[in-house]
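What follows is a set of notes on a single structure, which appears directly below.
Laboratory data are not the source of any read-out in this text; all were calculated from the coordinates shown. Not measured: the values here are computed from a predicted model. Neighbour counts are summed over all protein chains in view; Cβ atoms, including those assigned to glycine, are modelled from backbone coordinates with ideal geometry.
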Amino acid sequence: MTSSKDSLNRELFEANSAAFIEKAIKKYVARSPRNRHQAFGSDRIFGEPLVGFADGDDAIFQDYKAIMGDFHLTPREALEKHLKPKKGKEKCPANVSVISFVLPATYKTRLSNRRETLIASPRWNHTRFLGQDFINELSRHIVSLLEGLGCQALAPEIADFFGWKDFASGLASNWSQRHIAYAAGLGTFSLSDGLITPKGIAMRCGSVVTDVKLPPNPRDYENYRANCLFYWDGSCRRCIERCPADAISEQGHDKNKCREFLFVKQKEILKKLRRDDVYIGHYPACGLCQTKVPCESRIPPKAQGKNRQ
Ligand code: B12
Ligand code: SF4
Ligand code: SF4
């Protein structure tokens, strides 16, 4: 039996699928109790998200195979892997789209991390772990909403085929959320490797693949590093100064140094500082390169970079 809520949802979805999905994501982020810091007075973990769409058959996803490696899945490959166990009952979809969302860290979390010089603040650490749990929850919510409307959908990062490889240059996964957000017009890469979005670099992101046809967002950037001041005019370099692991230089981000610091050295620092009781997860997390920097919560104005040269 269909309820009046179901038929209203269907009407709204059929009238404008993109607006319906964006609204549903924003509503869930605003209302979900899972987007709350239980340890910090029930403050929100993430602020209002950015939502973008990409055509799953956009040539950029083939380009990613050359840029990152053949192991990186195109959205169509991800959807086909999802449909395969259904043993041919599902037709190969005519359309494939990707829904990408960017969840910005709140002001309080950013402020707390700005004060740190060696490890993440407790709020940033909780945002890393409870925030990722929330992203998984939000992804499942979008998938079940679309499935309820008779569409195919999956969240590749929580699918059983998600994984990563350990290359000499560092870890690389077969579904990179930053590259998906870049394709959906939500931001560009930077000297620190982070994605600078209109809501800044201090964010986490996620995505869902679906057979719904959605209007792709334009990629209004000159190149894939356009939002970073260093690549704009050689200025800024604040993230280099902020990194306690010496993992960022004018040559870019050394993933192995960063990982070693995150997974090994920060644990020792945490113990020495005797702060381990408030931290959760298997490492303290860091993100110092994403706070107290001009790209923290916005695309930095280009003039600001020039002033610093
Ligand atoms: C593996 C991993 C790590 C590894 C390696 C990081 C890395 N750069 O790959 C380690 C453990 C070091 C790490 C550390 C951190 N991580 Co991490 N990590 C991941 C994970 C699981 C996979 C990333 C991946 O494999 N990417 C693929 C590789 C190939 O990407 P890449 O090398 O960076 O890509 C470069 C090339 O593609 C190149 N490029 C060259 N030519 C071209 C051309 C074009 C057109 C384009 C687009 C690009 C391009 O540009 C890129 C940047 O240099 C993602 C989650 C996910 N599934 O995406 C989170 C993720 C990247 N991590 C995240 C975060 C927040 C962190 C930390 C801040 C830790 C923390 N939680 O506090 C640090 C920050 C490190 C940093 N400065 O980027 C966020 C990023 C948010 C953001 N603002 O960018 C993600 C997306 C998690 C999430 N769900 O939000 N992480
Ligand atoms: S701190 Fe400056 S140099 Fe580093 S990523 Fe941000 S804008 Fe680029
Ligand atoms: S996450 Fe920390 S260790 Fe890694 S690059 Fe950023 S500041 Fe350096």
Within straight cross-link reach of K27, meaning Cα distance under 16 Å, which lysines are found once same-chain residues fewer than 8 apart are removed? K5
Starting from 0 in steps of 10 Å, tell me what percent of the Cα-Cα pairs of region 5-79 lands in each bin. 16, 26, 29, 25, 4
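Please report the orientation-averaged projected area of region 18-308, defined via the convex hull of its C-alpha atoms, in nm². Provide the component values of the computation, followed by the final result.
Working: hull surface 61.5 nm².
Projected area, direction-averaged: 15.4 nm².
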Report, in degrees rounded to the nearest 10, the 0 to 90 angle that the Cα long axis of helix 17-31 makes with the longest principal axis of the chain. 50
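Evaluate Rg over Rh across region 17-167, taking Cα atoms for both radii and Kirkwood's formula for Rh.
On the way: Rg = 17.7 Å, Rh = 17.5 Å.
Taking Rh as the inverse mean 1/r over Cα pairs, Rg/Rh reads 1.01.
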Which of I201, I99 comes first, and how do the rest follow, when ranked by fewest Cβ neighbours within 10 Å? I99, I201
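With a Förster radius of 41 Å, plug the Cβ-Cβ distance of D43 and E241 into 1/(1 + (r/R0)^6) and report the FRET value to the nearest 0.05. Please report the intermediate quantities before stating the final value.
On the way: r = 29 Å, r/R0 = 0.70.
The formula returns an efficiency of 0.90 here.
In the neighborhood of A168, defined by Cβ-to-Cβ distances under 12 Å, what is the net charge if each Lys or Arg adds +1 and each Asp or Glu adds -1? Before the final figure, lay out each step's value.
Details: positive: K165, K255; negative: D166, D254.
Result for the neighbourhood of A168: 0.
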If you fit an axis through the alpha-carbon atoms of helix 4-15 and take the longest principal axis of the Cα set of the chain, what angle between them do you get, 0 to 90°, nearest 10? 80
Cys residues of the chain with no disulfide-compatible partner (no other Cys Cβ under 4.7 Å) are C92, C151, C205, C228, C236, C243, C258, C286, C295
